[in-house]
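Working notes, beginning with the structure itself.
The values are calculated or read from the model by the stated rules, or taken from the named source; none is laboratory data. Nothing here was measured: the structure is a model prediction, and the numbers come from that model. Quick reminder, even Gly has a Cβ in these numbers, built from the backbone with ideal geometry, and neighbours come from all protein chains shown.
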Amino acid sequence: MSHAPHRDYAGAKLGMWLFLFTEMLLFGGLFILYAVYLHRYPGEFAAAGHRLDLVLGTANTVILLTSSLLAAMAVTAVQRGEGRIAVLALGGAVLCAGGFLAIKYAEWSVKFSHGIYPGSPSLVAGPPGESVFFGLYYLTTGLHGLHVLIGGVLLAVVALRVKGGRIHAGDHIWLENGALYWHLVDLVWIFIFPLYYLML
Amino acid sequence: MKQAERTRPAALGGFWGDTGKTGIGAWLLSTDHKRIGLLYFWSVLGFFLGGVVLGLVLRLELMAPGRTIMGPQAYNALFTVHGVVMIFLFIIPGIPGAFGNLIMPIQIGARDVAFPRLNLLSWWLYAAGAAIILLSLVTGGGPPDTGWTFYLPFSGRTATNVSLAVFGVFIVGFSSILTGINFVTTIHRLRAEGMSWGRLPLFVWSLYATAWVQILATPILGITLVLIIAERVLGVGLFDPGRGGDPLMYQHLFWIYSHPAVYIMVLPAMGVVSEIIPVFARKPIFGYKMIAFSSLAIAAAGSLVWGHHMFTSGMSDTAVLVFSFLTFIVAIPSAIKVFNWVSTLYRGSISLDPPMLFALSFILLFSIGGLAGLILGAAATDVHVHDTYFVVGHFHYVMFGGAGFAFFAAMHYWLPKFYGRMYARRPAVIAWALMFVGFNILYFTMKVLGMRGMPRRYYDYLPEFAGLNLASTIGSWILALGLAVMLVNLFRGLWKGEPVTGANPWGGATLEWTVPTPPPTENFAEEPVVTHGPYDFRGKGTP
């Protein structure tokens with residue numbers, strides 16, 4: 001009756017990839033809305049898009065890409081048996097997640113102080129395309145921000161498990177799947193950034 | 001021993017007793033796929049019965065024109081809750097959650113699913129979502145009155161408790177996704193030696209196709225439900241025409257999930273029927289490869305037809321044409337299944353045991369409902385019957401006559417294996433006959449009413465519809481009576497019936513009939529090696 005716990009790395013990774021598909025599709029719904037409404041209000045989307053802060057958006061892109069690099073380095077480090085480096089790299093990635101959220105907070109606060117938030121009087125009175133654009137902007141970046149938060153917590157937990165020796169070269173599926181999740185968070189942003197900040 | 005035998009299934013051994021754990025914790029915290037399957041079974045059955053009561057009350061209100069037993073607001077809430085409970089808490093998790101969990105790992109020769117703890121989490125999420133939905137009925141502005149489709153902009157404005165109900169459905173959807181991920185991974189990774197894809201039982205094939213739909217479609221429901229809450233709480237206005245939004249986009253997003261969702265409901269049912277027909281016809285299934293393939297084809301094509309719910313909503317003619325064409329495509333793999341089942345029956349040695357009766361009525365009722373689906377899928381006829389009782393009749397034929405009857409077939413086919421006791425045959429046949437007759441009176445009249453122009457979801461109707469509505473309500477009583485007889489007989493049998501002797505009471509050839517009755521925890525004493533196909537009955541004998 002007492003079998004050793006069933007271990008199947010390929011299975012665990014397959015399950016994680018399937019879960020990542022569902023996450024992409026979750027954001028996919030918002031991207032569909034973006035595509036349709038961009039087609040309907042190209043001028044108003046462009047005008048509204050220029051009101052986003054390109055510097056802060058770029059900074060966040062750099063931060064997320066760096067954090068993804070750190071997460072990938074942590075995986076390699078653990079595979080080589082260098083747990084201390086892995087903990088440092090993961091710590092760096094968690095810091096990046098915090099930095100991203102701080103910048104996002106600053107970005108939103110400025111917008112709020114200018115009276116741009118869902119259902120605000122200036123948006124309700126303004127052109128309809130603008131209201132739709134900012135509605136989508138807040139929902140998409142908000143949902144993404146929630147994923148940054150979840151991913152950051154996940155990486156912190158993984159870092160503690162590496163430190164405690166529970167994740168090591170022989171058993172690091174938690175780390176690999178955690179890093180995969182973090183890359184997804186990064187990937188979604190790689191779509192959000194050009195769509196909202198760059199191409200309008 | 002004799003005393004114990006008469007009282008409870010646990011006395012019969014297997015997974016009921018071999019872990020040595022007892023009490024409620026041994027169930028609510030168990031990662032055994034059989035225990036989780038039974039948790040699902042009892043919870044979905046509970047919600048099914050709740051939904052049945054709501055449906056009976058609805059029919060009672062509609063028995064005569066004008067006010068019969070309730071006001072219009074109560075009526076709106078009632079049909080909404082009936083739909084939400086039946087769809088999200090019964091049919092979607094029903095066969096995969098209950099019988100998928102009970103049967104699938106054994107059928108592929110595995111000890112459990114790939115992620116047993118995730119499996120338990122799925123049930124807990126289901127339970128939590130269901131609890132939130134129930135909470136939404138008694139708190140805030142009262143039960144939602146939007147219909148189970150939660151169409152915006154109305155669902156953004158109504159004062160009823162839509163947000164909480166929608167949040168509950170979101171949680172249940174998450175549970176559905178996790179079950180899908182678990183099943184796909186299990187079927188890929190945990191098949192026993194010799195269990196090639198060409199030897200997978202057709203129930204497993206259907207669950208595999210279903211699991212992909214669960215994975216790929218449910219997230220779209222998730223984001224759609226989040227958007228409803230955002231509309232209500234934040235007033236974003238993405239679907240509000242006054243603010244630049246488009247309500248039609250809500251309908252697109254909703255049906256991108258909710259049309260494939262009907263295949264989540266009916267594909268596993270088709271799998272159940274594909275298991276039962278060959279066993280009770282004593283003949284290998286006809287067209288194994290085509291039935292397996294058609295499950296995948298239905299899942300794929302069914303994901304591209306959502307627009308047929310919106311022919312009258314204001315889409316372009318091109319879109320209507322494309323969606324109508326794709327809808328007709330789905331009929332092909334569905335018909336492949338029906339013809340293969342019928343070909344399996346041809347010159348078979350058919351025994352009309354209760355599971356077979358339910359499976360046979362599935363073929364008939366599903367065909368009636370499916371062909372009515374083509375009337376709805378053709379744009380020209382749809383314009384006439386859209387949003388009439390024809391749709392209600394069609395939907396209940398495929399969902400209740402299809403998925404529901406297959407669920408009952410699965411109960412009569414597999415539960416004796418897990419409880420180690422057999423129900424009485426005669427009452428089961430009588431119950432089936434009552435249900436079959438009641439069902440057709442209840443829902444066929446709806447199709448006629450729809451053809452004559454009675455709109456659905458209306459609280460009242462014109463006097464000329466009174467006769468058929470009365471007949472429909474009487475049908476609902478016959479159906480309910482049959483249901484009561486069936487459940488009493490079945491559960492009496494499972495608790496007190498004749499012990500099932502031997503592993504294989506029906507003469508099946510799939511792996512679940514090779515393990516002891518009831519199966520032990522972890523199913524197999526040693527890992528099985530599969531040497532023949534799932535419908536190779538040679539040497540199985542007839543019971």
When every residue in the stretch A:5-39 that is hydroxyl-bearing (Ser, Thr, Tyr) and closer than 30 Å to B:PHE239 by Cα is compared, the one farthest from the other protein chains (Cβ to nearest Cβ) is A:TYR34
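Matching residues to (1) on the phi > 0 side of the Ramachandran plot; (2) in contact with a helix residue (DSSP H, G or I) (Cβ under 8 Å, 6 or more places away or on another chain); (3) among the hydrophobic types (A, V, I, L, M, F, W, C):
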site	(1), (2), (3)
A:LEU149	no, yes, yes
A:VAL162	no, yes, yes
A:GLY170	no, no, no
A:GLU176	no, yes, no
Filter the stretch B:193-217 for residues that are of a type in the set (Gly, Ala, Ser) and within 14 Å of another protein chain (Cβ to nearest Cβ); the one that is nearest to B:ILE264 (Cα to Cα) is B:ALA211
Exercise for review: Evaluate the stretch B:248-257: report whether one residue or more is free of Cβ contacts under 8 Å to residues at least 40 places away in the same chain and in contact with a Phe, Trp or Tyr (Cβ under 8 Å, 6 or more places away or on another chain).
Suggested key: yes
Only unsatisfied item for A:TYR196, checking (1) among the hydroxyl-bearing types (Ser, Thr, Tyr); (2) away from every other protein chain (no Cβ under 14 Å); (3) surrounded by fewer than 17 Cβ atoms within 10 Å (Cβ to Cβ), is (3)
If we ask which residues in the stretch B:281-303 are within 21 Å of the chain's Cα centre (by Cα) and either surrounded by 16 or more Cβ atoms within 10 Å (Cβ to Cβ) or in a loop (DSSP other than H, G, I, E, B) (or both), their number turns out to be 12
Conditions (1) in contact with a Phe, Trp or Tyr (Cβ under 7 Å, 6 or more places away or on another chain); (2) modelled with pLDDT under 95; (3) under 27 Å from A:VAL55 (Cα atoms); (4) away from chain B (no Cβ under 13 Å) -> A:SER113 fails only (1)
Only one of B:ILE229, B:ILE264 is more than 8 Å from chain A (Cβ to nearest Cβ) and surrounded by fewer than 22 Cβ atoms within 10 Å (Cβ to Cβ), namely B:ILE229
Here the qualifying pairs (Cβ atoms under 6 Å; residues six or more apart or on different chains; first in the stretch B:367-396 and closer than 23 Å to B:ILE336 by Cα; second buried (at least 21 other Cβ atoms within 10 Å of the Cβ) and among the β-branched types (Val, Ile, Thr)) come out as B:GLY369/B:VAL398; B:GLY377/B:THR327
Scanning the stretch B:232-251 for residues that are surrounded by fewer than 22 Cβ atoms within 10 Å (Cβ to Cβ), aliphatic (A, V, I, L, M) and farther than 13 Å from B:VAL162 by Cβ, the one farthest from the other protein chains (Cβ to nearest Cβ) turns out to be B:LEU248
Here the qualifying pairs (Cβ atoms under 6 Å; residues six or more apart or on different chains; first in the stretch B:12-41 and within 14 Å of chain A (Cβ to nearest Cβ); second surrounded by fewer than 18 Cβ atoms within 10 Å (Cβ to Cβ) and among the polar types (S, T, N, Q)) come out as none
message = Looking at the stretch A:60-69, can you tell me whether even one residue there is free of Cβ contacts under 8 Å to residues at least 24 places away in the same chain and either within 14 Å of chain B (Cβ to nearest Cβ) or not charged (D, E, K, R) (or both)?
response = yes
Given (1) over 30 Å from A:PRO128 (Cβ atoms); (2) away from chain A (no Cβ under 12 Å), B:LEU190 misses just (2)
B:ILE220 fails exactly one of (1) more than 9 Å from chain A (Cβ to nearest Cβ); (2) assigned to a helix (DSSP H, G or I); (3) without any contact (Cβ under 8 Å) to a residue 40 or more places away in the chain, namely (1)
